[in-house]
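The values are calculated or read from the model by the stated rules, or taken from the named source; none is laboratory data. Keep in mind the model is a prediction, meaning the values are calculated, not measured. Here the Cβ positions follow ideal geometry from the backbone for every residue, glycine too, while neighbour counts run over all protein chains shown.
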Amino acid sequence: MPAIDVHDLTKSFDGFVAVDGISFTIESGEIFGLLGPNGAGKTTTIAMLATMQRPTSGAATVNGHDIVTDEDGVRRSIGIVFQDQSLDEELTAYENMDFHGRLYRIGGEVRRQRIGELLALVRLEDRKDDLVKTYSGGMRRRLEIARGLLHEPTVLFLDEPTLGLDPQTRNHLWEYIERLNAEKGITIILTTHYMEEADRLCDRVAIIDRGSIVAEGTPAGLKASIGGDVITIASPDPDAVAGLLTAPWVSGVERRDGQVTIRLENAEEHVPGIVTAIHQRSIGITSLAVRKPTLEDVFLHYTGRTIREEEASGREAMRMFHRAGRR
Ligand SMILES: Nc1ncnc2c1ncn2[C@@H]1O[C@H](COP(=O)(O)OP(=O)(O)OP(=O)(O)O)[C@@H](O)[C@H]1O
Ligand SMILES: [Mg+2]
């Protein structure tokens, strides 16, 4: 039985189709990523799977429970960490956990024991009696993840788990998420608009754009699907370099800013020949780099657009601003 099975799931808001007939399957124990830009439909998808919003049409099961006819079954088996934080700032980490445990009717001794274990897992045991308002953004996220695990769900939903965090904190969180998955075998479905996050963390990724899944696979498979490698050569005479690269195995040559960029299959095999040919004609090379396509190249390939990081960071700033204002 797959952990999550989604068929033609659709959500409309007053005629606007936010999620447009998506289908995918997540196997137990996977880390699965929904990658897409702002407004793609990531949160709406997760909200339907977590039974917080009703689908307009289509069907899905989570741990075998139907998301429409068995909401309680779904809710008991999942943990959720949503995009906007929901901790009580005026309580300590322990108190936040304890409150959540009581909501789920987890009995006294078991509750105390699990809270201790989970706070240790996310390395917050030393700070458990400090008020959450004294916590950094990364500590809050870790606490939210620990809280989401208190009732021992087998599937954990993480909506933009590292949004607005600095690169170092983001790296640490990735390690916690990987540990959770490896040590506890928890299936994780996360949303993100960070290419790097999807690439580093996810076993499989679905790229979602304007409510539809445009590509799905392992990060490596997705990158391989657009074909070939990239070689970038910097030279004082890029025109001469470009003029040499006429072999049939070169599928594309582009010149920009004193650099020549070549697309080809099996780049490593061709590097020695390229370098020899350039030297034979006494053309200089300043640098040569072989690069694999990134998920950014994949997104561009399937949508014709780049994920607008600028817009994303602008929205992040707004969110942080609103969040700060709520305190
Ligand atoms: N309650 C709602 N009423 C009307 N429109 C909505 C509602 N919720 C979401 N939408 C719209 O549906 C689309 C998808 O929104 P959603 O929040 O799922 O995107 P997202 O991929 O999570 O984006 P982000 O990266 O900004 O979090 C957006 O155009 C959004 O404006
Ligand atoms: Mg969202």
> Under 7 Å by Cβ, and 6 or more places apart or on different chains, what pairs join a residue from the stretch 46-59 that is assigned by TED's automatic domain parsing to the domain that holds L34 with one that is away from ligand 2 (no atom under 16 Å from the Cβ) and part of a helix (DSSP H, G or I)?
Replying inline: T51/E71; T51/V74; T51/R75
> Of all residues in the stretch 20-56 being β-branched (V, I, T) and over 18 Å from the mean Cα position of the chain (by Cα), which is farthest from ligand 1 (Cβ to nearest atom)?
Replying inline: T51
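Residue under question is R170, and the condition is that it be over 25 Å from D88 (Cβ atoms), in a helix (DSSP H, G or I) and within 16 Å of the chain's Cα centre (by Cα); does it hold? Let's see the steps before the verdict.
Values: over 25 Å from D88 (Cβ atoms): no; in a helix (DSSP H, G or I): yes; within 16 Å of the chain's Cα centre (by Cα): yes.
Spelling it out, it is not the case that R170 is over 25 Å from D88 (Cβ atoms), in a helix (DSSP H, G or I) and within 16 Å of the chain's Cα centre (by Cα).
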> What pairs come up if the first residue lies in the stretch 84-108 and is in contact (Cβ under 8 Å) with a residue 24 or more places away in the chain, the second is surrounded by 12 or more Cβ atoms within 10 Å (Cβ to Cβ) and among the polar types (S, T, N, Q), and their beta carbons are under 6 Å apart, counting only those six or more places apart or on different chains?
Replying inline: L87/N96; D88/N96
>> Looking at the stretch 107-130, can you tell me whether even one residue there is surrounded by fewer than 17 Cβ atoms within 10 Å (Cβ to Cβ) and within 30 Å of D199 (Cβ to Cβ)?
In response: yes
>> Quick check on the stretch 142-200: of everything there that is away from ligand 1 (no atom under 16 Å from the Cβ) and hydroxyl-bearing (S, T, Y), which residue is nearest to V132 (Cα to Cα)?
In response: T169
>> Tell me which strands (runs of 3 or more DSSP E) are completely within the stretch 1-78 and hold 1 or more residues being out of contact with any Ser or Thr (no Cβ under 6 Å at 6 or more places or on another chain) and under 22 Å from R200 (Cα atoms), or say none if there are none.
In response: 4-13, 16-26, 31-35
>> Between a residue in the stretch 24-43 that is within 23 Å of E183 (Cα to Cα) and any residue that is in a loop (DSSP other than H, G, I, E, B) and among the small types (G, A, S), which pairs come within a Cβ distance under 6 Å, given they are 6 or more apart or on different chains?
In response: I26/A3; S28/A3; G29/G185
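Taking the condition within 16 Å of ligand 1 (Cβ to nearest atom) and assigned by TED's automatic domain parsing to the domain that holds T192, does Q83 pass? Write out each step before concluding.
Values: within 16 Å of ligand 1 (Cβ to nearest atom): yes; assigned by TED's automatic domain parsing to the domain that holds T192: yes.
Against the criterion (within 16 Å of ligand 1 (Cβ to nearest atom) and assigned by TED's automatic domain parsing to the domain that holds T192), Q83 qualifies.
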